[in-house]
Amino acid sequence: MRKLVPLKAIYAFVAVAETGSMTDAAEVLSVSHSAVSQAIKALESQLDVSLFRRVGRRVELNPLGRKYYRKVAPALAQIVEASEAIARKKPSNRITLNMVNSLALHWWIPRVPDFNEYAPNIDIRISNIIHAFDLEREGVDVALLHGKTDEWQDYYCEKLGDDELIMVCSPHLLEGNQQATPKQLLSKYPAIFATNPRRQNDWQVWCEYNQLAVPSQQKNLTFTASVQAVQATIRRLGVLITHKQFVRDDIKHNMLVQVGEPVLNPYQEFYFVCLPEKLKEESVLALRNWFRAQFSAD
């Protein structure tokens, strides 16, 4: 059997090669200067070659040492990366799930009891990053994407459902006229706008489909956050166009009512997103199956 090179000798070799100093390498590795020196001597003795040359008070790789460094440094980096990944691996029953804050408030939270009954052993931690990001770098296992998959090409993306735009208002605005049409409501009540990037085209898409003019934005009824726009609608300040998933629970509890038919929004869809290898984990598969059931039921 071949005699293997001790890993600590490789650590010492790479540290000295990258710092150009036995002393600096010792500081990087949190060991003594003599430990680094002995590790380099042992490595050169085992390989029966010299890897460094002294230049003044510093050391640098000789041609053979540079060739050896080009081979072992990437391999050592892979070992370190793999070790760190294992060390920070979370329990398999814990999932960090990312979704925009409005979905967390109005879609996820009302469904927590249902999910707890469906998968009582899975612990979901919610994250609210709103832009495209590296899931692994941010420590996110699964993202509920509301948008398009253009910036998620390296991930597993499964469409869960369409973004259906609906008109909603407080049920109090329909008192005495339960059959009021969207056109009639717009002639009587102001329009409420949410202007964040995901919702800024809602009124235009909905009005074009219904062959109506886009209403003008009125004082104090334009909001950046969808959550604020929904609250203003619940408070009877006007009518709102938003996506059905977002207000389904409010409609269920008679805080809002849907008026007219839903309209498909071509700018947004819902996707389940994760790294392909995550699909090997039972907890992630369980979450995906639950998502499928929730969206098919809506």
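The values are calculated or read from the model by the stated rules, or taken from the named source; none is laboratory data. As the structure is a prediction and not an experimental result, all values here were calculated from the model. For neighbour counting, all protein chains shown are included, and Cβ atoms are generated from backbone atoms with ideal geometry for every residue, glycine included. For the accessible areas, the whole protein counts, side chains as well, though only heavy atoms, and no ligand, DNA or RNA atoms are used. Shrake-Rupley method; radii C 1.70, N 1.55, O 1.52, S 1.80 Å.
Would you mention how many residues in the stretch 2-17 are in a helix (DSSP H, G or I) and either small (G, A, S) or loosely packed, with under 14 Cβ neighbours inside 10 Å (or both)?
Counting residues in the stretch 2-17 that are in a helix (DSSP H, G or I) and either small (G, A, S) or loosely packed, with under 14 Cβ neighbours inside 10 Å (or both) gives 5.
Looking only at the stretch 231-266, count how many residues are basic (K, R) and over 13 Å from C169 (Cβ atoms).
Total meeting the criteria: 3.
Hey, any hits in the stretch 85-99 for a residue that's in contact with a helix residue (DSSP H, G or I) (Cβ under 9 Å, 6 or more places away or on another chain), open to solvent by less than 70 Å² (accessible area, probe 1.4 Å) and closer than 24 Å to T195 by Cβ?
yes
Open to solvent by 80 Å² or more (accessible area, probe 1.4 Å), under 37 Å from the mean Cα position of the chain (by Cα) and at pLDDT 90 or above, is that true of K71?
Criteria met by K71.
Is one or more of the residues making up the stretch 34-54 under 43 Å from the mean Cα position of the chain (by Cα) and at pLDDT 90 or above?
Yes.
In the stretch 193-202, how many residues are modelled with pLDDT of 95 or more and open to solvent by 60 Å² or more (accessible area, probe 1.4 Å)?
Here the count works out to 0.
I'd like the full set of residues that are open to solvent by less than 80 Å² (accessible area, probe 1.4 Å), assigned to a strand (DSSP E or B) and in contact (Cβ under 8 Å) with a residue 24 or more places away in the chain, limited to the stretch 46-61.
Matches in the stretch 46-61: F52, V59, E60, L61.
Kindly list, by first and then second residue, each pair from a residue in the stretch 116-128 that is surrounded by fewer than 12 Cβ atoms within 10 Å (Cβ to Cβ) to a residue that is part of a helix (DSSP H, G or I) and at pLDDT 95 or above, limited to pairs with Cβ atoms under 7 Å and residues at least 6 apart or on different chains.
none
Only one of these is part of a helix (DSSP H, G or I) and either open to solvent by 30 Å² or more (accessible area, probe 1.4 Å) or out of contact with any helix residue (DSSP H, G or I) (no Cβ under 9 Å at 6 or more places or on another chain) (or both): L103, L64, L76, L43. Name it.
L64
Which one of the conditions (1) more than 17 Å from E261 (Cβ to Cβ); (2) open to solvent by less than 80 Å² (accessible area, probe 1.4 Å); (3) assigned to a loop (DSSP other than H, G, I, E, B) does K219 fail to meet, given that it meets all the rest?
(2)
Would a scan of the stretch 177-184 turn up a residue that is farther than 19 Å from M99 by Cα, of a type in the set (A, V, I, L, M) and either exposed (fewer than 15 other Cβ atoms within 10 Å of the Cβ) or without any contact (Cβ under 8 Å) to a residue 40 or more places away in the chain (or both)?
No - not one qualifying residue is present in the stretch 177-184.
Here's the yes/no breakdown for (1) of a type in the set (G, A, S); (2) open to solvent by 60 Å² or more (accessible area, probe 1.4 Å):
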{"residue": "G139", "(1), (2)": "yes, no"}
{"residue": "D154", "(1), (2)": "no, yes"}
{"residue": "K188", "(1), (2)": "no, yes"}
{"residue": "A191", "(1), (2)": "yes, no"}
{"residue": "Q204", "(1), (2)": "no, yes"}
{"residue": "L212", "(1), (2)": "no, no"}
{"residue": "A225", "(1), (2)": "yes, no"}
{"residue": "H243", "(1), (2)": "no, no"}
